[in-house]
1. Would you calculate a helix-derived [θ] at 222 nm for the protein assembly as shown, using -39,500 (n - 2.57) for each DSSP H run of n ≥ 4 and dividing by the full residue count, to the nearest 500?
2. Which one of A:22, A:36, A:170 has the biggest mean-square fluctuation once chain A is modelled by GNM with Cα springs under 10 Å?
3. Build a GNM of chain B with springs between Cα atoms under 10 Å: which of B:15, B:65, B:124 gets the top mean-square fluctuation?
4. Between the stretch A:154-202 and the stretch B:155-195, how many Å separate their Cα centres?
5. Write down the Kirkwood hydrodynamic radius of the stretch A:67-198, to one decimal in angstroms, obtained as one divided by the mean of 1/r over all alpha carbon pairs.
6. I need to check one value: relative contact order of chain A, counting alpha carbon pairs closer than 8 Å and at least 6 residues apart, in percent.
7. What number, in nm² with one decimal, is the all-direction average of the projected area of the convex hull of the alpha-carbon atoms of the stretch B:123-202?
8. In the stretch B:44-80, which residues have a backbone nitrogen under 18 Å from the label point lying 7 Å from residue B:38's Cα in the Cα-to-Cβ direction?
DNA sequence: ATCCTATGTTGACAATAGCAACATTGCTTG
DNA sequence: CAAGCAATGTTGCTATTGTCAACATAGGAT
């Protein structure tokens, strides 16, 4: 017996989607990386156990969010590559900027995507959705090699270097560790420059 | 009234140290990054609230551990530099290896040192103890510049590049994200090579 | 000797993840 | 079209945690 009358039917009808959206909203809004299932349920206007009918676990929901994060990251990077307009140097630069921007704009989401909180992070990152951004990077680098602008070494290794550098800069930046007193004024730009030089392009 | 008799006196006498050591042991042992104050107290054989007489907060203890982590990291890096025997390239290489090894051997501690869980991570990282490893890197790079083996650019920027690369590689590795299928066989070595090239040395 | 204070302990509270038992419905199948 | 079943929500519970408050003990200063 529900006292509210005809509004809010017993069966929500689309709870899974709503839960995901609510949770994603919370992640994007919130700076700090805290996350309770019950809070999500509360915001979704549903009982504290309803989410368990759609996700076996808190980790399951988190995984879903992480995947969505990779989708968004991939979209951002794709756009950036397009903005590069065929010029390799521009493409890579745009990608780097887009990557860093993504992290800066979605701190909690980024932490979720790469943090150790996600159960079985290793498996998650081998899923196609999580691999998409990396594949994009691989393509760009391959084209760079074809254009003779990137040193002739295994692409995957070069991609790893790019990725690690971007990931490192992103997380350090997110946690407020790239303070000018410590690292100089435009540390990020300089680091990216070092990376470029390392891959030998002008 | 304690029923245990004369062993375990009411006042421990050295609880603060024991708590820190216990907590550090837990962090070093444990792969996963979970940490409850009560568990520390339990292992230390003390009531669940005893730690609060020595640390205002859970975060306070974590900060202490993080500082100890930086001390250890600094020690490891210092040893590595010495192992380099004056040759810049060797010094930097040893340092990089030592850094990565530190992360690999102390996953939970590393996460603690750089994770967002630590309250006020930004401030923490500006403390001298946390800056020591970075300062060491700065020195090595400066000597490299004097020896003409490192490109003449602001050291802090170069250091940021090194640091971000190492930090990125470390965390990615820790979370099991540098899978060979994704990133090639010796991604780490290649990434370090790219970094070296970027700083222009032979 | 006496008291004060640092240090420990017990007991509470609120919040959380997750389990179990129960309620409500829409869809299926006879 | 009726009966019932499975999906979806809800309430209530347990174990655990961080932290606060009140109390206990003991070592050292007065």
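1. -21000 deg cm²/dmol
2. Highest fluctuation among the options: A:36.
3. B:15
4. First find each Cα centre; the distance between them is then 10 Å.
5. Final number for the Kirkwood radius of the stretch A:67-198 is 15.3 Å.
6. Relative contact order of chain A: 19 percent.
7. Mean projected area of the Cα convex hull: 6.2 nm².
8. B:44-53, B:57-59
No value in this document is a laboratory result; all are computed from the given coordinates. All figures in this text were calculated on a predicted structure; none of them were measured in a lab. Note that we place each Cβ from the backbone using ideal geometry, even for glycine, and neighbour counts take in every protein chain shown.
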